[in-house]
Amino acid sequence: MTRTIYFTASSLDGFLATVDHSLDWLLRQDVDPTGPMGYEAFIEGVGALAMGASTYRWVIDHHEWPYTLPTWVFTHREFPAPPGVRFTSDDVAGVHAEMVAAAGDQHVWLVGGGELVGQFADRGLLDEVWVQYAPVTLGAGAPLLPRRLDLVLVDVVRNRNFLCGRYEDPR
């Protein structure tokens, strides 16, 4: 069954990026991508991605496009489009069915953007939240998820310097 999952890293004080959108704090951390709750095992189960404009901009500014999976970018801006990337300004509820169909028997990954993830949560479309907490505090920045959610902790592990938690929405 396809699940819609927010898989992300956060500072201990709940921020995804600094005020100036930097991820330098995260990229310096010791994590094993093949380890418990690591990226490599996670991405193997993903069939489609969704992200906001700021996340997309960061990815294309810092890397060659790393994904071959169908990707939806929620934005009102215009960007260059690698193969497989679709841009939309439609409501997440209307686009979610397309993403689930594209994912097949795999999952939909909400890559980044706490506000975008909040929109999925508002519409009851967020099934799981996986957070890798880095041993860093930022004091301010882009919040992990600017919504009130009551989740259930279903798994917790250590991956080198990260405390990793997997939560489900009990709805």
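The values are calculated or read from the model by the stated rules, or taken from the named source; none is laboratory data. Since the model is a prediction, treat every value here as computed from it, not as a measurement. Counting neighbours? That spans all protein chains shown, and the Cβs are built from the backbone with ideal geometry, glycine included. Heads up: the accessible areas ignore ligands, DNA and RNA and are worked out on the full protein's heavy atoms, side chains in. Shrake-Rupley method; radii C 1.70, N 1.55, O 1.52, S 1.80 Å.
Any residue that is outside any loop (DSSP other than H, G, I, E, B), free of Cβ contacts under 8 Å to residues at least 12 places away in the same chain and either out of contact with any Gly (no Cβ under 8 Å at 6 or more places or on another chain) or surrounded by 12 or more Cβ atoms within 10 Å (Cβ to Cβ) (or both) - is there at least one of those in the range 90-100?
Yes, some residue in the range 90-100 is outside any loop (DSSP other than H, G, I, E, B), free of Cβ contacts under 8 Å to residues at least 12 places away in the same chain and either out of contact with any Gly (no Cβ under 8 Å at 6 or more places or on another chain) or surrounded by 12 or more Cβ atoms within 10 Å (Cβ to Cβ) (or both).
Going by the conditions given, is L116 among the aliphatic types (A, V, I, L, M) and touching a Phe, Trp or Tyr at 6+ places or on another chain (Cβ under 9 Å)?
yes
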| Residue match in the range 127-143 (condition: farther than 18 Å from Y39 by Cα and either aromatic (F, W, Y) or in a helix (DSSP H, G or I) (or both)) | no
| Qualifying residues in the range 116-152 (those that are surrounded by 18 or more Cβ atoms within 10 Å (Cβ to Cβ) and of a type in the set (G, A, S)) - the one farthest from T4 (Cα to Cα) | G141
| Going by the structure shown, is V73 outside any loop (DSSP other than H, G, I, E, B) and closer than 14 Å to F7 by Cβ? | no
| query | Would you say F7 is open to solvent by less than 40 Å² (accessible area, probe 1.4 Å), modelled with pLDDT of 95 or more, among the hydrophobic types (A, V, I, L, M, F, W, C) and more than 27 Å from A102 (Cα to Cα)? | reply | no
| query | What tally of residues in the range 101-115 results from selecting those that are in a helix (DSSP H, G or I) and either farther than 23 Å from F162 by Cβ or open to solvent by 60 Å² or more (accessible area, probe 1.4 Å) (or both)? | reply | 4
| note | Those residues of the range 22-40 which are open to solvent by 30 Å² or more (accessible area, probe 1.4 Å) and within 15 Å of the chain's Cα centre (by Cα) amount to L23, L26, Y39, E40
| Across the range 153-164, which residue is nearest to T18 (Cα to Cα) among those that are open to solvent by 70 Å² or more (accessible area, probe 1.4 Å) and assigned to a strand (DSSP E or B)? | L163
| said: Taking the condition of being open to solvent by less than 30 Å² (accessible area, probe 1.4 Å), without any contact (Cβ under 8 Å) to a residue 60 or more places away in the chain and under 17 Å from G104 (Cα atoms), how many residues in the range 41-80 meet it? | reply: 2
| task | Could you check, for the range 43-55, whether at least one of its residues is under 27 Å from G141 (Cα atoms), assigned to a loop (DSSP other than H, G, I, E, B) and not hydrophobic (A, V, I, L, M, F, W, C)? | result | no
